């Protein structure tokens, strides 16, 4: 992935644009050794673009996005009225194998282009029913932060666009690069796409102030037997009460949270060590290579060996 093109239309949401700039438009930082992309901002009619809060001046037309490896469509007011040229652009991008990324209401552009037909996707929870009604062939999931189906990536509202972009960064460049990008932006390095879009309680710090010590303990004890019963004892709760409270405060189940932490830890060890797959599996709590391969493949779409081949820092 070398060239990233962002597409803005009248009514563009500033946070959506800013989030993509934060992830993909950074110059080189020696301390991070981050990748640098040929980053362009494009629009159907160059010149003044009326934003939702302030106006933009964009010099480049959509032709500048025609050879991009990643095309990001920024959400906008008036999302039910996408530019026909943008619809055609994303359709062409998908047909030539480029990644197409849309979060929040920008998913409606992908629906208009037919790119959601037969695919699982998401959007902001307020618009889930509307997206499903407009594009009945799409499999709209309103209970997740982001979804990737092949080269099509959709995210929920606002901050979930950052989560989806960091997911794609991790997939293409490895967990170290994605973690460095997240650290620069000052956001959590990984929120799994299957996490709920919103949770029952506000989350002030570290996903939950009440659960923060437990989450830190889990991260340091991944090789332990981390059953609900074990975790509930740490919190001096019954397993049922603990499981309900954990879901309320983090948006996911204890099992799913632990599983995501184990996969992430396995990523780091695969990148940073040359230990055997069995050793990595035991170290992160999967027990054996077969279990690691199963969960890693389901979560990341590649085997541990393939992941190491792509992102190892020890070669």
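Read-outs: derived from the displayed coordinates by stated rules, not from any lab. Please read all numbers here as calculations on a predicted model, not as lab measurements. Cβ placement follows ideal geometry from the backbone for every residue including glycine, while neighbour counts extend to all protein chains displayed.
What is the helix-to-structure angle for 84-95, meaning the angle in degrees between its Cα long axis and the longest Cα principal axis of the chain, kept from 0 to 90 and rounded to the nearest 10?
The two axes meet at around 50 degrees.
Would you order 20, 1 from fewest to most other beta-carbon atoms within 10 Å of each residue's own beta-carbon? List each step's numbers first, then the result.
Values: 20 26, 1 16.
Least to most surrounded, the residues fall as 1, 20.
What ranking of 134, 104 emerges when the number of other C-beta atoms within 10 Å of each C-beta is taken as an exposure proxy, fewest first? It would help to have the intermediate numbers written out before the result.
Details: 134 16, 104 27.
Starting with the residue having the fewest Cβ neighbours, the order is 134, 104.
For a quick check, take a GNM of the chain with Cα springs below 10 Å and name the residue from 140, 36, 153 with the largest mean-square fluctuation.
36
Can you give me the Kirkwood hydrodynamic radius for region 3-185, using every pair of distinct Cα atoms, in Å to one decimal?
16.1 Å
For region 201-315, state the semi-axes of the equivalent ellipsoid (square roots of 5 times the eigenvalues of the alpha-carbon gyration tensor), sorted largest first and rounded to whole angstrom.
Three semi-axes, in Å: 29, 14, 12.
Kindly work out what percent of the DSSP beta bridges joining two residues of region 57-164 are antiparallel, to the nearest 5.
Values: 4 of 14 bridges.
Here the share of antiparallel DSSP bridges comes out near 30 percent.
List, largest first, the extents of the alpha carbons of region 247-286 along their principal axes, each in whole Å.
39, 15, 8
Using 0.36 nm per residue of separation minus the Cα-Cα distance, give me the extension gain between residue 129 and residue 31 in nm, one decimal.
My answer for the length gained is 30.8 nm.
Any chance you could give the angle, 0 to 90 degrees and rounded to 10, that helix 175-185 forms with the longest Cα principal axis of the chain?
Roughly 70 degrees between the two axes.
Using only C-alpha positions, report the orientation-averaged shadow area of the convex hull of the chain, nm², one decimal.
Its average projected convex-hull area is 16.6 nm².
Taking 0.36 nm per residue of sequence separation and subtracting the Cα-Cα distance, how much length would be gained by fully extending the chain between residue 278 and residue 159, in nm to one decimal?
Extra length from residue 278 to residue 159 when fully extended: 39.2 nm.
Measure nothing fancy, just the Cα-based angle from helix 239-250's long axis to the longest principal axis of the chain, in degrees from 0 to 90, nearest 10.
30 degrees
Return the percentage of antiparallel bridges among DSSP beta bridges fully within the chain, rounded to the nearest 5 %.
25 percent
Considering only DSSP beta bridges with both partners in region 3-185, what is the antiparallel share in %, to the nearest 5?
Of the beta bridges lying entirely in region 3-185, close to 25 percent run antiparallel.
Convex hull over the Cα atoms of region 93-145, averaged projected area in nm²?
Projected area, direction-averaged: 3.3 nm².
Could you calculate the contour length gain from residue 310 to residue 238, that is, 0.36 nm times the residue separation minus the distance between their Cα atoms, to one decimal place in nm?
Answer, rounded to one decimal: 21.6 nm.
Hey, how many Å between the Cα centroid of region 29-69 and the Cα centroid of region 124-172?
21 Å
Of 160, 19, 212, which is the most mobile in a GNM of the chain whose springs link Cα atoms less than 10 angstrom apart?
So, out of 160, 19, 212, the one fluctuating most is 212.
Restricting to DSSP H runs of at least four residues, report the calculated mean residue ellipticity at 222 nm for the chain, -39500 (n - 2.57) per run over all residues, nearest 500 deg cm²/dmol.
Working: 13 runs with 137 residues, N = 315.
That calculation yields -13000 deg cm²/dmol at 222 nm.
Considering the chain as a Gaussian network with a 10 Å cut-off on Cα pairs, which listed residue, 41, 263, 228, attains the greatest mean-square fluctuation?
228
Just grab the label-to-label distance for residue 56 and residue 77, each label 7 Å out from Cα along the Cβ direction, in nm (one decimal).
The two pseudo-label positions are separated by 1.6 nm.
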